[in-house]
Amino acid sequence: MQQPQKHKEKMAPSPSGLPGLPRPGPRSNMLAHDDKKVYEMIEKSGNKGIWSAEMKKYIPENILNKSLKLLLSKNLIKLVANVHNPRRKVYMLANLQPSEEISGGTWYSGKEFDTELIDVLKQHTLRFITKMKVVILDKIADSIKTSEILKVEVRIQEVKQVVDSLILDREIEAVLSNGSAEFLSIPKGKVCYRCRKMGHLEPASFVSVPCGVCPVINECTPDGVISPKTCEYYQRWLDF
């Protein structure tokens with residue numbers, strides 16, 4: 001009697017198309033146990049990164065330091081400085097862009113607050129408002145976008161920060177449209193901006209404390225990059 005032929009199991013083709021070759025796994029699978037543990041802890045932190053002191057709670061310092069050195073040498077992770085706390089450096093995967101919470105976002109150049117860029121945007125915004133007489137925030141954002149001052153996409157909340165700085169400088173003011181006269185093209189009740197009028201009464205000094213409308217108040221700390229010690233608006237108010 002003829003014996004039935006045995007069917008060979010089909011092997012999954014590799015990415016190269018050749019059967020029998022193992023599929024490459026995640027890069028962390030090529031690491032030793034301790035190194036993999038450190039890598040996965042950093043991976044879970046995402047684009048906010050993780051501080052080495054936090055990792056020391058779970059991994060002995062000598063092992064952690066050895067693993068971090070290895071992962072850095074293999075370009076699997078990178079070390080990033082927190083602009084709000086330069087002494088606290090965090091680790092994240094090498095292919096990630098740091099979150100704005102870490103990098104500071106559009107207004108930071110490296111570790112420094114980009115005051116020159118802010119000044120250029122304020123000058124542009126003031127000229128635009130002067131030209132338009134009265135304008136809403138969206139129109140200001142459009143004018144900044146078309147000016148190509150920024151090489152990255154500007155968000156509406158960042159435009160609001162520039163506008164708030166001009167309000168602090170007492171260059172412009174926020175008003176509500178009444179739907180008539182100079183506000184004819186703006187819906188009634190819509191917040192808009194115009195240059196300050198000569199002879200406009202200043203609010204009482206206790207009302208105009210700059211911290212109340214500061215666009216970067218959440219980033220202000222006693223010893224940070226943004227601080228009451230170096231704030232020109234706060235000092236100006238104290239001298240009032």
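The values are calculated or read from the model by the stated rules, or taken from the named source; none is laboratory data. Just so it is clear, the structure is predicted and the values come from calculations on it, not from any experiment. So basically every Cβ, Gly included, is an ideal-geometry build from the backbone, and we count neighbours across all protein chains shown. Accessible surface areas use protein heavy atoms only, side chains included; no ligands, DNA or RNA. Shrake-Rupley method; radii C 1.70, N 1.55, O 1.52, S 1.80 Å.
For the reader, a short list of remarks on this structure follows.
- Per-region count, region 163-181, residues of a type outside the set (Ser, Thr, Tyr) and assigned to a helix (DSSP H, G or I): 6
- Among residues of region 102-130 being at pLDDT below 80 and of a type in the set (D, E, K, R), the one that is least open to solvent (accessible area, probe 1.4 Å) is Asp114.
- Every residue from region 131-177 that is under 13 Å from Cys195 (Cα atoms), hydrophobic (A, V, I, L, M, F, W, C) and either surrounded by fewer than 16 Cβ atoms within 10 Å (Cβ to Cβ) or touching a residue at least 12 places away in the same chain (Cβ under 8 Å) (or both): Val134, Val135, Ile136, Val163, Leu166, Ile167, Leu168, Ile172, Ala174, Val175
- Residues of region 125-141 that turn out to be assigned to a helix (DSSP H, G or I) and aliphatic (A, V, I, L, M), as a count: 6
- Residue match in region 193-201 (condition: modelled with pLDDT under 50, within 26 Å of Cys231 (Cα to Cα) and assigned to a loop (DSSP other than H, G, I, E, B)): yes
This table checks each residue for (1) of a type outside the set (Lys, Arg); (2) modelled with pLDDT of 85 or more; (3) open to solvent by less than 20 Å² (accessible area, probe 1.4 Å).
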residue: Ala32; (1), (2), (3): yes, yes, no
residue: Ser52; (1), (2), (3): yes, yes, no
residue: Ile59; (1), (2), (3): yes, yes, yes
residue: Lys66; (1), (2), (3): no, yes, no
residue: Leu70; (1), (2), (3): yes, yes, no
residue: Leu76; (1), (2), (3): yes, yes, yes
residue: Arg88; (1), (2), (3): no, no, no
residue: Met92; (1), (2), (3): yes, yes, yes
